[in-house]
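Notes for the one structure printed next.
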Amino acid sequence: MLRSYQSVIILKPDLDGPQLDQAIEKFELIFKKSGGAVINLEKWGKKRLAYKIRKHKFGIYLNIYHTCEAAKTSEMEKEYQLYDLVIKYLIIKLDEKAVERIISEKEAATEEEAAREKASADDNAASDKPDTVAAAAKPAADEENKPGADEENKG
C-alpha cells in the first residue's frame with residue numbers, strides 16, 4: 001500500500017549545482033525503487049546548522065514530499081545512510097489532509113508564477129513603447145544644465 005511521506009534531508013554544504021542535481025536524481029531513483037514517486041520537491045538552500053554534524057557547520061536542505069510502500073521505508077533509510085552526501089535525514093509519515101494541502105499549495109504557487117510571468121511580459125511590452133512625455137521634457141532639462149547658462153542669466 002502506498003503511503004505519503006515527507007523526507008527532510010541535509011546534504012554536505014560544499015555541493016555545487018550539478019552535484020546537487022545528481023543527488024536529487026539519486027533520491028528520485030530511491031523513491032522509484034521503493035515503488036513511489038516524488039509529489040513535491042523544495043530546495044531550501046544552504047543554511048547554518050544548530051550544531052556541528054559530522055564536522056559541518058552548514059548544510060544544504062531538501063524537503064521532499066513523496067509516496068512509498070510502507071514496507072520499503074527501512075530500505076529507503078538504509079539508502080540515505082549509505083549515501084555519502086547525506087549528513088542527516090528525517091522521514092515523516094503524512095496523513096491525507098497534509099498531502100491535499102501540499103498539492104493545493106503547489107498548484108497555487110504554479111498559478112502565481114504563471115500570473116507573475118504574464119504580468120512581467122505585459123510590463124516588458126509596455127516599456128518597449130517610447131515615453132513621449134519624458135522624451136519631450138529631457139531637452140528642456142539639458143538646456144538648463146549647459147555650462148555657462150548661469151553666467152548668461154546673471155548678466
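The values are calculated or read from the model by the stated rules, or taken from the named source; none is laboratory data. Source: prediction; values computed, not measured. Don't worry about glycine lacking a Cβ; one is built from the backbone with ideal geometry, like all the others, and counts go over all protein chains shown.
Of note:
- Within region 20-46, being closer than 17 Å to residue 69 by Cα and either exposed (fewer than 15 other Cβ atoms within 10 Å of the Cβ) or not assigned by TED's automatic domain parsing to the domain that holds residue 88 (or both) holds for 29, 32, 33, 35, 37.
- Among residues of region 47-79, those that are crowded, with 18+ Cβ neighbours inside 10 Å, of a type in the set (Ser, Thr, Tyr) and not in a strand (DSSP E or B), counted: 0
- Residue match in region 96-112 (condition: in contact with a strand residue (DSSP E or B) (Cβ under 9 Å, 6 or more places away or on another chain), loosely packed, with under 10 Cβ neighbours inside 10 Å and at pLDDT 80 or above): yes
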